[in-house]
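All remarks here apply to the structure that follows.
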Amino acid sequence: MKIGDVLDILTPLVLVPLYWLLYRLDPKKAITLSEGIIFTVLAALWVEGQGMHLAANSVGHLLKGMETTDMYNLTFFYDEVLSHYLWHFGVVGLSAVLIYRQWRNPFAEGRTMTWAVILAGIIHGFSYFMIIIEGATAPLGVTFSVLAVLFMLIYGRKSLTQQPIILFFLAAYLLAILLFAGWGIYWGGLPEFSKVGIID
């Protein structure tokens with residue numbers, strides 16, 4: 001295993017509980033059974049996709065020189081296609097339900113450290129841009145970013161201090177869209193970092 005593989009094992013263990021804490025939003029706003037099931041299914045997709053990616057990616061490192069075999073093709077499909085789409089669908093799905101839940105349940109009064117929320121959103125937006133580009137899931141990731149920003153600008157732009165989760169994702173996805181646009185213009189498309197020699 002490479003160092004990145006080892007570190008990536010921790011990602012869902014850290015982020016899924018954080019998403020759950022954000023999903024709870026306010027202990028006074030009870031989560032319904034259907035909301036709990038939706039969150040669980042999306043979190044399971046994320047974990048299943050990322051776990052599949054880690055395993056197939058590690059196996060793929062051992063298949064150098066076997067690129068014409070069925071074993072290589074199957075491992076590549078699990079590593080580079082199916083796992084990425086499961087994982088990233090879980091990520092965007094959880095973002096969508098967090099945005100929706102915050103929109104339906106704004107805080108009664110403003111209580112947001114705007115600069116901190118925007119800074120956190122910028123960090124998330126950059127990370128999101130990187131996973132979508134390197135994961136080659138631009139049809140999913142870019143489309144979701146645009147739709148999420150349109151929704152938040154049309155329906156969630158009022159009282160952003162009462163909707164810090166919307167402010168967070170608005171900053172994140174606006175930055176991601178700008179990065180996608182810049183990357184696309186520079187390269188004439190959205191190639192993976194590894195395809196253009198930026199990472200190994």
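Observations on the structure shown:
- Only lysine pairs 8 or more places apart or on separate chains count here, and in the chain those with Cα atoms under 28 Å apart total 5.
- Modelled label reach - Trp187, point 7 Å along Cα→Cβ, the stretch 1-32 residues with backbone N closer than 13 Å: none
- When Trp187, Trp46 are sorted by how many other C-beta atoms sit within 10 angstrom of their C-beta, beginning with the fewest, the order is Trp187, Trp46.
- The label-point distance for Trp20 and Glu67, in a model that sets each label 7 Å from Cα toward Cβ, rounds to 4.3 nm.
- With a Förster radius of 35 Å applied to the C-beta separation of Thr32 and Ala120, the computed FRET efficiency comes to 0.80.
- Mean residue ellipticity (222 nm) of the chain, computed from DSSP H runs ≥ 4 via -39,500 (n - 2.57), nearest 500: -24000 deg cm²/dmol
Every read-out reported here was derived from the displayed coordinates using simple, explicitly stated rules and does not represent laboratory data. Note that the structure is predicted; figures quoted are calculated from it, not measured. Cβ: placed from backbone, ideal geometry, glycine included. Neighbour counts: every protein chain shown.
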